[in-house]
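First the structure, in the form of structure tokens, and then the observations on it.
Coordinate-derived values only; no laboratory data. Quantities reported herein were computed from a predicted structural model and do not represent experimental measurements. Cβ placement follows ideal geometry from the backbone for every residue including glycine, while neighbour counts extend to all protein chains displayed.
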Amino acid sequence: MGRSIKKGPFLDQHLQEKILKAKETKSKAPIKTWSRRSMITPDFVGLTFNVHNGKLFNPVFVTENMVGHRLGEFSLTRTFKKHGAHTAKAEAK
Amino acid sequence: MARILGVDIPGEKRIDIALRYIYGLGPSNSKVILARAQIDPSIRAKNLSEQQLSQIVHAIQEGKYVIEGDLRREIGMNLKRLQTIKCYRGVRHLRGLPVRGQRTQTNARTRKGPRKTVGVVRNPNAKTGIH
């Protein structure tokens with residue numbers, strides 16, 4: 001079931017504060033966050049986030065068509081493993 | 001053979017079944033369309049008169065159904081959007097794996113296709129031991 005529209009998009013309070021601060025100071029520095037569950041709202045656009053994936057912080061640059069998704073969707077938590085030859089090409093992936 | 005909306009050629013079937021050969025129209029849509037065009041669903045498609053055909057075409061166009069090429073394009077665009085923004089769903093589509101959290105240790109053959117056995121391939125950089 002989807003979330004009630006009445007409530008509006010979910011956003012962690014601590015992340016919201018960081019965004020407001022970044023907007024105010026017009027800083028483009030990446031915002032470090034653990035809040036994978038926060039929904040991307042239009043005022044995120046143009047900012048870079050370092051989103052935790054349980055181990056590392058993956059840089060996510062937010063563009064317009066990411067709005068409505070959650071930050072966690074862009075910071076994968078699993079490494080994709082494949083069988084086969086250990087060629088340089090396969091290792092790079 | 002009858003032609004409805006250009007390329008679609010439903011065969012010697014009841015018109016309510018034949019309409020389902022149009023990409024984007026299923027059982028319930030076909031029922032609604034025929035009711036709107038006031039045509040008996042049990043008539044064979046080949047026995048429809050020109051006038052009845054145009055009634056059906058009219059009913060489809062009036063109903064604002066997204067069908068055929070437009071629908072295919074729309075679906076393609078949705079996939080492309082997910083893939084270009086590199087979100088989890090897009091990545092799963094790119095890799096041809098299930099998108100909605102299903103298990104992949106076993107099953108998932110619909111997405112992954114036929115089983116491909118990959119034999120042992122020695123790592124050329126590995127140190128060779130004493131055998």
Sort largest first and round to whole Å: the equivalent ellipsoid semi-axes of chain B, each the square root of five times a Cα gyration tensor eigenvalue. 49, 17, 12
Amide H within-cut-off set for A:ASN58, under 5 Å, with H built and near neighbours excluded: A:VAL51, A:HIS52, A:ASN53
Per DSSP, the loop-located chymotrypsin sites (Phe, Trp or Tyr not before Pro) within the range B:10-83 having at most 16 other beta carbons within 10 Å are B:TYR23
Near the amide H of A:ILE31, under 5 Å away, which other amide H atoms are found, from residues 5 or more places off or on another chain, if H is placed in the peptide plane? A:THR48, A:PHE49, A:ASN50
Computed over chain B, the relative contact order (Cα-Cα under 8 Å, seq sep at least six) in percent reads 16 percent
How far apart, in nanometres, would the label points at B:ASN78 and B:TYR23 be if each is projected 7 angstrom from Cα along the Cα-to-Cβ direction? 1.4 nm
Let me have the relative contact order for chain A, percent, based on Cα pairs under 8 Å that are six or more residues apart. 22 percent
At a Förster distance of 25 Å, what's the computed FRET efficiency of B:ALA35 paired with B:ILE9, Cβ-Cβ distance as r, to 0.05? 0.60
Calculated from DSSP helices alone, with each H run of at least 4 adding -39500 (n - 2.57) and the total divided by the residues of chain B, [θ]222 nm to the nearest 500 comes to -12500 deg cm²/dmol
Using a Gaussian network model of chain B whose springs link C-alpha atoms within less than 10 Å, name the residue from B:VAL57, B:VAL66, B:VAL99 with the highest mean-square fluctuation. B:VAL99
To make sure I understand the rule: partners must be aspartates and glutamates, Cα under 16 Å from the Cα of B:LYS13, and not fewer than 8 residues away in the same chain. Which ones qualify? B:ASP40
Check: C-alpha center the range A:47-66 vs C-alpha center the range B:6-63, spacing in Å is 49 Å
Can you give the calculated 222 nm mean residue ellipticity of chain A, where each DSSP H run of n ≥ 4 adds -39,500 (n - 2.57) and the sum is split over every residue, rounded to the nearest 500 deg cm²/dmol? -5500 deg cm²/dmol
Given the pairs A:LYS32/A:LYS55; A:LYS7/B:LYS80; A:LYS55/A:LYS81, which span a C-alpha to C-alpha distance of over 19 angstrom in this model? A:LYS7/B:LYS80
Need one value for B:114-121: mean number of C-beta atoms belonging to other chains within 10 Å of its residues' C-beta atoms. 2
Note, B:SER30: beta-carbon cut-off 9 Å, +1 each Lys/Arg, -1 each Asp/Glu, net +1
Let me know the shape class of the protein assembly as shown, please: from the alpha-carbon gyration tensor, a ≥ b ≥ c as square roots of the eigenvalues, rounded when a/c is under 1.5, otherwise prolate if a/b is greater than b/c, or oblate. oblate
Could you name the aspartates and glutamates whose alpha carbon sits less than 15 Å from that of B:LYS64, not counting residues in the same chain fewer than 8 places away? B:GLU74
Hey, if you put +1 on the Cβ of every Lys and Arg and -1 on every Asp and Glu Cβ in chain A, which of A:ASN53, A:PRO30, A:GLN13 ends up farthest toward the positive end of that dipole? A:ASN53
When the convex hull of the Cα atoms of chain A is projected onto a plane and the area is averaged over all directions, what value comes out in nm²? 8.4 nm²
Once fully extended, how much extra length lies between B:ILE43 and B:THR104, figured as 0.36 nm per residue of separation less the alpha-carbon to alpha-carbon distance? 17.3 nm
With +1 on the Cβ of every Lys and Arg and -1 on the Cβ of every Asp and Glu, and nothing else charged, how large is the dipole of the range B:10-127 about its Cα centre, in debye rounded to the nearest 20? 1420 debye
Partner chain coverage, peptide B:75-88 - average Cβ within 10 angstrom: 3
With θ set to phi - 60° and the Karplus curve 6.51 cos²θ - 1.76 cosθ + 1.60, what are the ³J(HN,Hα) couplings of the range B:85-99 in order, to the nearest whole Hz, using x for Gly and Pro? 7, 6, 8, 4, 4, x, 5, 5, 5, 4, 7, x, 10, x, 9
